[in-house]
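Below is one structure, written out as structure tokens, with a few remarks after it.
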Amino acid sequence: MSRLKDSRPGSAYQPAQPTTEPAVSSPAATELIALVTHEDRDRARDRWRVARARWKGRGWKSFGGLRLLWLLVGPGVLVFLGENDAPSMLSYSATGARFGVGFFLPFVILTFMMGLIVQEMTVRLGAVTHRGHAELIFDRFGKFWGFFSMGDLVLGNFLTLVTEFIGVRAGLGFFGVRPSIAVGAGLVLVLAAITTGRYWTWERITLGLAIFNGLFIPAALLAHPSWPQVGHALLTWTPLPRGDRGEILLLILADIGATVTPWMIFFQQSAVVDKGMQPRDIAAGRLDTVLGTLLASTFAIAAILATVPLFHHGINAADFQGAQFAQAIEPWIGHVGASLFALGIFEAGIVAAIAISTSSAYAFGEVLGMAHSLNRPIREAWPFYLFLLGSACAAAALVLIPHAPLEFIVLTVNVIAVLAMPPALAFLLLLVNDRDLMGEHANGFWGNLAGVTVTVLLVCAGLGFGLFTIFPKLLGG
């Protein structure tokens, strides 16, 4: 079987055509020029800048190498900082408030290592095939699995989007902002980011917002954690804490779901394609993904450390949501620290809302064969943008409905992500092992060992949660 080539109409990747009129005019040449889209020109412009950076310097230490890295960084950082979303940061905060410093610090780092393994395969798949994940599933495994994967993703993403706007509402609620104004401001930021008609601009705007995930670091420093205790926890990995096994298992699954989720696969692969990355860019894509992993794991640990004072003072934080966490830790980290924490929750919700709604829209366009690129203006890809903004608006509206079950959604969304991850990983492993698609970039022995290990761990976590839910007495709950 020959390697797949991208020929479907509306695909995010199409070979750039000449943009200047040929010397000899002809109907065929005129028709060829007419085929050149806004997307083709923008992506060709981006690739030209990458090529110039390669020519000007070799190696990452040179100026040209650093500029090349700057041009190629984006999808990996965004996918991990986007996954440091409102429910994820609340899960980390609940972990610190309930169990302090101990087992969960190295465990969170382990979950990010699992995420790195998964996303590295995604980078290779996107750079080599130039096709989004939903589109590859559709073409390789048929319409049923293509629509199944899109439906599963869109449903999970919608529930997650609801939690992002809960975070937006709760974060600004700390400052007394009314829910309708907070959610409206969040929607305006999402709209501003997605209507630039340029992937590069969208990526840089979202990266600029994502870096404010680092607000959790000063909040953690103001909590004055015991650094020897932190170091001991990271180096020795203390046993599971004592307490209700159901609560511990729920936090374990929530922390896994805060790091390894299906939308990350779909988003990063489509972003790699929209960015126009090639097989020669895989090394830079890996570095981009490692950088995202390091930043996100650092900020996640900071969220845990920021709420450890609640654990030390024996305060029950079982029912805290975003603003309540900020209010609860204010006596120990001060108003400035609590404000930074609340702003961090707001930022986490905004960035994730942008990334997750984009992920859904990518899958929607890929499976239905419609234009699905942020390099396309709205008039050329209005179904893509309508789906993107519509999903965000629907989630925001649900947050404002009186007596909506928001707490239930926040508590369960990360667990749902864990339960939905094994099928997504199965498709990923099958695709990345397909040598007709991947050629020399297909998975080797160690890549498959790492990928299968992550899949088995996620299946065991899901089965453990299911068994505990059905047979709590059997497991000592």
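The values are calculated or read from the model by the stated rules, or taken from the named source; none is laboratory data. If you're wondering where the values come from, they're calculated on a predicted model, not measured in any experiment. Reconstructed Cβ throughout: ideal geometry from the backbone, glycine too, with neighbour counts over all protein chains shown.
Just a few scattered comments:
- Selection from the range 338-370 of residues that are surrounded by fewer than 21 Cβ atoms within 10 Å (Cβ to Cβ) and more than 30 Å from Ala134 (Cβ to Cβ): Ser339, Leu343
- The one condition in (1) part of a helix (DSSP H, G or I); (2) touching a Leu at 6+ places or on another chain (Cβ under 7 Å); (3) not β-branched (Val, Ile, Thr) that Gln268 fails to fulfil: (2)
- Within the range 171-180, considering residues that are small (Gly, Ala, Ser) and more than 15 Å from Val351 (Cα to Cα), the one surrounded by the most Cβ atoms within 10 Å (Cβ to Cβ): Gly173
- Residue match in the range 198-209 (condition: outside any helix (DSSP H, G or I) and modelled with pLDDT under 90): yes
Per-residue answers, yes or no, for (1) surrounded by fewer than 18 Cβ atoms within 10 Å (Cβ to Cβ); (2) among the aliphatic types (A, V, I, L, M):
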{"position": "Leu136", "(1), (2)": "no, yes"}
{"position": "Phe144", "(1), (2)": "yes, no"}
{"position": "Val154", "(1), (2)": "no, yes"}
{"position": "Asn157", "(1), (2)": "no, no"}
{"position": "Gly167", "(1), (2)": "no, no"}
{"position": "Leu191", "(1), (2)": "yes, yes"}
{"position": "Thr201", "(1), (2)": "yes, no"}
{"position": "Leu207", "(1), (2)": "yes, yes"}
{"position": "Leu215", "(1), (2)": "no, yes"}
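- When Leu305, Leu235, Leu295, Leu287 are checked against the criterion of being modelled with pLDDT of 80 or more, more than 24 Å from the chain's Cα centre (by Cα) and either closer than 22 Å to Gly171 by Cα or in a helix (DSSP H, G or I) (or both), Leu235 stands alone in meeting it.
- Among helices (runs of 4 or more DSSP H) entirely within the range 74-134, having at least 1 residues that are hydroxyl-bearing (Ser, Thr, Tyr) singles out 86-99, 104-129.
- Checking His232 against (1) under 26 Å from Leu291 (Cα atoms); (2) touching a residue at least 24 places away in the same chain (Cβ under 8 Å), the condition it does not meet: (2)
- If you check Phe346, Phe320, Phe387 for being over 30 Å from Ala223 (Cα atoms) and either at pLDDT 85 or above or part of a loop (DSSP other than H, G, I, E, B) (or both), only one passes: Phe387.
- Of the listed requirements (1) in contact (Cβ under 8 Å) with a residue 12 or more places away in the chain; (2) basic (Lys, Arg); (3) farther than 26 Å from Ser339 by Cβ, Arg169 misses just one: (3).
- Scoring Val272 on the criteria (1) crowded, with 16+ Cβ neighbours inside 10 Å; (2) at pLDDT below 90 leaves a single failure, condition (2).
- The test for being in contact with a helix residue (DSSP H, G or I) (Cβ under 6 Å, 6 or more places away or on another chain), polar (S, T, N, Q) and in a loop (DSSP other than H, G, I, E, B) holds for Thr259.
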